There are 2 protein chains.
Amino acid sequence: MTSSETAGRRGRRPGDSQTRTAILEAARVRFAHDGFRAATVRAIAADAGVDPALVMHYFGTKQGLFVAAMEFPLDPAQIVPRIVGPGIDGLGERLVRFLLGLVDELGEANPMLALVRSAVGHPDAARMMREFLGEAILDRVAAAVDADRPRLRADLCASQIVGILMARQVLALPELAAADREILIQVYGRTIQRYLTEPLESPAASR
Amino acid sequence: MTSSETAGRRGRRPGDSQTRTAILEAARVRFAHDGFRAATVRAIAADAGVDPALVMHYFGTKQGLFVAAMEFPLDPAQIVPRIVGPGIDGLGERLVRFLLGLVDELGEANPMLALVRSAVGHPDAARMMREFLGEAILDRVAAAVDADRPRLRADLCASQIVGILMARQVLALPELAAADREILIQVYGRTIQRYLTEPLESPAASR
DNA sequence: CGAGAAATTCAACAGTCGCTGAAAACGAGT
DNA sequence: ACTCGTTTTCAGCGACTGTTGAATTTCTCG
């Protein structure tokens with residue numbers, strides 16, 4: 001792809017340099033595909049048509065590259081109001097619709113998928129996932145609904161959302177991947193709505 | 001731990017040999033902790049108090065060790081009837097109760113967690129997870145319920161179950177880990193019950 | 001007791017990984 | 001034209017990985 005006649009030679013290439021963003025894009029794809037540990041600096045550099053040392057020059061360490069690549073393309077302060085704004089009714093459906101739309105839109109370079117895949121065996125990624133999905137989005141959504149135990153409700157939602165990502169993208173469950181999106185939005189939307197609004201039974205009042 | 005005076009010397013140790021099962025136990029713990037890729041043969045051997053070469057002698061390859069370690073301690077043909085037997089009513093709750101009980105009971109050496117953690121970046125593990133959770137358990141449970149699209153319903157259940165494992169064990173969401181088990185059983189149980197029995201809206205009847 | 005099978009370790013090979021230091025080629029300012 | 005900072009590659013180091021072949025000790029059976 002990036003095999004012009006100047007690439008491969010030593011020293012700076014002529015013209016404007018977009019190698020930094022090319023590295024970031026390649027990193028997002030690789031991290032989303034393989035997770036933090038299995039994605040190698042060498043492979044990312046090769047995808048970007050660049051020497052591995054250049055990656056270290058720009059981002060210092062592999063971890064630094066990971067943090068830079070996970071910088072999310074969307075600001076939670078903008079998306080949360082769009083989900084919460086129209087009111088409690090249909091909240092779960094809007095959240096799931098937004099999530100599935102995001103997955104389709106981001107394609108191979110999906111930071112959320114990269115975080116999920118990396119969280120396994122890389123605690124830093126698990127923390128980043130908690131901070132983004134939990135604190136930045138779901139905690140605010142749950143707080144907007146005026147119900148008891150908003151933090152627990154946010155965690156319940158997170159468990160179903162992460163499960164959707166794992167089942168569709170990682171496990172590749174066939175019926176789930178092939179299912180009509182509107183059906184998934186309605187089914188999962190009702191689940192999220194329940195986790196946000198339904199009364200959480202106390203164990204004493206068992207049924 | 002396993003530092004008797006005979007260990008470390010060359011050749012066979014005196015007495016009965018339980019090293020094979022010790023290796024399997026250490027492998028389950030390591031695979032559950034770190035996943036297939038990050039768990040090293042050397043670390044597993046060290047935990048078992050054994051030379052890495054002995055692992056290869058018994059199991060051939062790291063993949064062979066993985067397959068042997070994932071041999072599940074429970075037979076699906078025995079557990080599925082216990083869940084389905086009492087009837088449709090309370091099915092979801094029984095399934096979730098069984099799952100959470102299993103997680104507590106297995107402790108650190110949890111093959112399900114090992115499969116989830118390994119599925120990322122190791123397609124063989126993803127296939128094993130699909131075969132065990134999907135085909136061996138959930139497909140049968142969903143088939144016992146007489147509803148349309150049983151395969152899709154099984155996948156929906158799988159997505160929530162995998163999400164529970166990820167959220168509690170991998171992401172370690174604090175409220176979810178601290179929550180009362182009976183509450184989780186009831187909340188998740190209702191979700192599973194819905195996925196198994198509720199009508200799946202058609203996209204044409206979008207309302 | 002003697003022989004073969006089993007269990008166990010040692011030492012090492014070949015590959016990959018993240019990372020480093022130096023050198024080369026280019027762009028921009030004076 | 002000269003200099004300086006930026007971009008880029010090269011070559012390599014040290015650590016770690018799965019795996020192997022041979023050597024050593026013990027057990028088992030006749």
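Each reported figure results from applying straightforward, stated rules to the coordinates on display, with no laboratory input. Owing to the predicted nature of the structure, the values given are computational and were not obtained by experimental measurement. Positions of Cβ are backbone-derived with ideal geometry, glycine not excepted, and every protein chain shown enters the neighbour counts.
Please work out the FRET efficiency for the pair residue A:108 and residue B:78, using the Cβ-Cβ distance as r and a Förster radius of 41 Å; give the result to the nearest 0.05. The partial results should precede the final answer.
Values: r = 42 Å, r/R0 = 1.03.
Calculated transfer efficiency: 0.45.
Divide by every residue of chain B the summed helix terms, -39500 (n - 2.57) for each DSSP H run of at least 4, and state the resulting mean residue ellipticity at 222 nm, rounded to the nearest 500 deg cm²/dmol.
Rounded to the nearest 500, it is -18500 deg cm²/dmol.
Give the nm distances, rounded to one decimal, from residue A:81 to the matching residue in every other copy, measuring between label points 7 Å along Cα toward the beta carbon; shortest first.
Inter-copy label distances (nm, one decimal, shortest first): 6.1.
Quick one: helix B:19-38 against the long Cα principal axis of chain B, what's the angle to the nearest 10°, folded into 0 to 90?
Once rounded, the angle reads 60 degrees.
Taking a label point 7 Å from Cα toward Cβ, how far is residue A:63 from its twins in the other copies, in nm, shortest first?
Values, ascending and in nm: 3.3.
Specify whether the C-alpha gyration tensor of the stretch B:68-207 places it in the rounded, prolate or oblate class, a ≥ b ≥ c being the square roots of the eigenvalues: rounded for a/c under 1.5, otherwise prolate if a/b is larger than b/c and oblate if not.
rounded
Pull out a ≥ b ≥ c, the square roots of the eigenvalues of the alpha-carbon gyration tensor of the protein assembly as shown, then state rounded if a/c is under 1.5, prolate if not and a/b is larger than b/c, and oblate in the remaining case. Numbers along the way, then the final one.
Values: a/c = 1.92, a/b = 1.06, b/c = 1.81.
Taking the square roots of the gyration eigenvalues as a ≥ b ≥ c, the protein assembly as shown is oblate.
What relative contact order, as a whole-number percentage, does chain B give when Cα pairs under 8 Å and 6 or more residues apart are counted?
Normalised by residue count, the contact order of chain B is 23 percent.
When you take every Cα atom in the stretch B:82-159, what is the radius of gyration, and what is Dmax, the widest Cα pair distance, in Å?
13.4, 39
Considering the rotational relationship between chains B and A, which residue of chain B contributes the beta-carbon of minimal distance to the axis, and what is that distance to the nearest Å?
Axis-proximal residue of B, distance in whole Å: B:163, 1.
What residue among B:116, A:156, B:39 has its Cα farthest toward the positive end of the dipole of the protein assembly as shown, where the charges are +1 on Lys, Arg and -1 on Asp, Glu, each on the Cβ?
In the protein assembly as shown, that residue is B:39.
In terms of the ratio Rg/(2.2 N^0.38 Å) built on C-alpha atoms, what value belongs to the stretch B:1-150?
Taking N as the residue count of the stretch B:1-150, the ratio is 1.26.
Normalised by the residues of the stretch A:19-70, what does the relative contact order come to in percent, with Cα pairs under 8 Å and at least six apart?
RCO, the stretch A:19-70: 42 percent.
Every other copy gets compared here: list the nm distances from the residue B:108 label point (7 Å along Cα to Cβ) to its counterparts, shortest first, one decimal.
Spacings between copies for this position, smallest first, are 4.0 nm.
Let me know the mean shielding of A:173-184 by other chains, meaning the per-residue number of their Cβ atoms within 10 Å of its Cβ.
Average neighbour count from other chains, rounded to a whole number: 6.
Could you tell me the distance between the Cα centroids of the stretch B:144-207 and the stretch A:144-180, to the nearest Å?
Cα centroid of the stretch B:144-207 versus Cα centroid of the stretch A:144-180: 9 Å apart.
Note down the nm distance, to one decimal, between modelled labels 7 Å out along Cα→Cβ at residue A:183 and at residue B:17.
Reported label-point gap for residue A:183 and residue B:17 is 5.4 nm.
Pop a pseudo-label 7 angstrom from the Cα along the beta-carbon direction at both residue A:56 and residue A:71 and give the gap in nm to one decimal.
2.3 nm
Could you give the distance between the Cα centres of the stretch B:35-59 and the stretch B:97-126, to the whole Å?
19 Å
Using only the Cα atoms, what convex hull volume per residue in Å³ does the stretch A:12-67 have?
Details: hull volume 3.8 nm³, N = 56.
Residue-normalised Cα hull volume stands at 68 Å³.
Starting from the 7 Å offset along Cα-to-Cβ, what nm value, one decimal, do you get for the label separation of residue A:43 and residue A:149?
4.1 nm
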